[in-house]
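The next block holds one structure in the form of structure tokens; read it before the comments.
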Amino acid sequence: LKINSMIQMSKEQAIAKKLAKHAIESLGECFRNEKVEGQRFYCPKDGEWTVPSSGMFEVDFIDLRQDSSSIKPMDRKEFAALNKQMRANATDIGRMALLRTVCNTHHFDALQALALVLFFSFDRQRENACVVLWQRIIDRDSLPPLLASSLSDTSIVEVQKRIGTCALLDRARPSGAFFVDLAKQRDMVSLNRILEVVKENEEVTISSLQHNGADVLEKAQFLTSLPAEGELLLVVHNATKESGGGVAS
């Protein structure tokens, strides 16, 4: 959910306060890319965050409370009907409007989600489809390998910025570009998994690393003493994936 709102109005204040409550309960994890008046800030991991009395509040909000263990995906007949409706829409804008409506009431498995993403023609709309669908997917761990061939590296990074590194991380065989927000624990768990695989398998390497847009030359040294905040962009080269091998999870 993308929130972009002037919060001096009472209605917007109420929305912002409700989101802030969820953010505090999740130790800041349900907020991503949070900004007030265009300036980035980090929701505190403990204590309170007071919603400003005015200004532009922007955030990507992720609801982390969902338990999908007892939820079933859309049945085959309904999904076939949805596919027909998606094909009948001539534009990505129309398809996105339909997808947002359906996601209010239905859940999907990873293969269904992939099929829906592929209805969109352009990278930006595929990114938006991934974000809209993510919280409605019941088997998210199956999604990263499926989407790897459907999104460009640039799009994968953009989706990770909005949802989290875990959203498109193949934990067994990580490969490609990854975005990590160092202030978010969920991203740090994913980064630690990547570093574990790199340590365990000499054919998996970090080919490039940037911190806040600047190249890191001493990668190993930097990764042993990470700062508490900032953005990492790393590219993982996985020779085992290219050759059909694997790394145990």
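Here are the numbers:
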| read-out | value |
| --- | --- |
| Highest average packing first - 89-95, 195-201, Cβ atoms within 10 Å | 195-201, 89-95 |
| Peptides 18-27, 48-57 ordered by average Cβ neighbours within 10 Å, highest first | 18-27, 48-57 |
| Residue pairs, from the table K17/K184; K84/K184; K18/K45, whose Cα atoms sit over 28 Å apart | K84/K184 |
| Listed residues K45, K84, K161, most fluctuating in the chain (Gaussian network, C-alpha, under 10 Å) | K84 |
| Percent carbon-and-sulfur accessible area, segment 34-114, ignoring ligands, DNA and RNA, probe 1.4 Å | 52 |
| Local electrostatic count at L182 - Lys and Arg +1, Asp and Glu -1, tallied over other residues with Cβ under 11 Å | -3 |
| J(HN,Hα) series, segment 82-92, from Karplus relation 6.51 cos²θ - 1.76 cosθ + 1.60, nearest Hz, glycine and proline x | 5, 4, 5, 5, 4, 5, 6, 6, 7, 10, 4 |
| Residue-normalised accessible area of segment 54-174, expressed per residue, 1.4 Å probe, Å² | 49 |
| For S175, residues with placed amide H under 5 Å, excluding near neighbours | D170 |
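The values are calculated or read from the model by the stated rules, or taken from the named source; none is laboratory data. Just so we're clear, the structure is a prediction, and the values are computed from it rather than from any experiment. As a convention, Cβ positions derive from the backbone with ideal geometry for all residues, glycine included, and neighbour counts pool all protein chains shown. All accessible areas refer to the heavy atoms of the entire protein, side chains included, with ligands and DNA or RNA removed. Shrake-Rupley method; radii C 1.70, N 1.55, O 1.52, S 1.80 Å.
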